[in-house]
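Read the structure below first, then the notes.
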Amino acid sequence: MPLIAKTNVLGDLIMNKSGQVFISDSQGNGIYTVNEKTNKLEPFYSSPDILNMQGLTFSTDEKYLFIADYVKGIYRLELKTKH
């Protein structure tokens, strides 16, 4: 899931309570996070099942990240295991 300007459409950005940033990529169907040491985007998660990644939001306890797919609906990602 390389970050290449011609193939990425970064959309929704969300930050958890500890300050970690998550950014959706609707073109590459992935989620990126910011490496605090390098200040660069790094791949966090991708799935061939998601067709058009859109909005992101956390569960109240921040155990899950909910991912809106424009085509297929809502996915729930457990942040610790990425399942």
Note to self: Tell me whether segment 19-33 contains one or more residues that are part of a strand (DSSP E or B), surrounded by fewer than 18 Cβ atoms within 10 Å (Cβ to Cβ), of a type in the set (V, I, T) and at pLDDT 90 or above.
What the structure shows: yes
Subset of segment 53-83, residues more than 20 Å from V9 (Cβ to Cβ) and in a loop (DSSP other than H, G, I, E, B), comes to S59, T60, D61, E62, K63, L79, K80, T81, K82, H83
Pairing a residue in segment 47-72 that is without any contact (Cβ under 8 Å) to a residue 24 or more places away in the chain with any residue that is charged (D, E, K, R), where Cβ atoms lie under 7 Å and the two sit 6 or more apart in sequence or on different chains, gives L51/D69; L51/K72; K63/E78; Y64/R76; Y64/E78; F66/R76
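The values are calculated or read from the model by the stated rules, or taken from the named source; none is laboratory data. If you're wondering where the values come from, they're calculated on a predicted model, not measured in any experiment. Don't worry about glycine lacking a Cβ; one is built from the backbone with ideal geometry, like all the others, and counts go over all protein chains shown.
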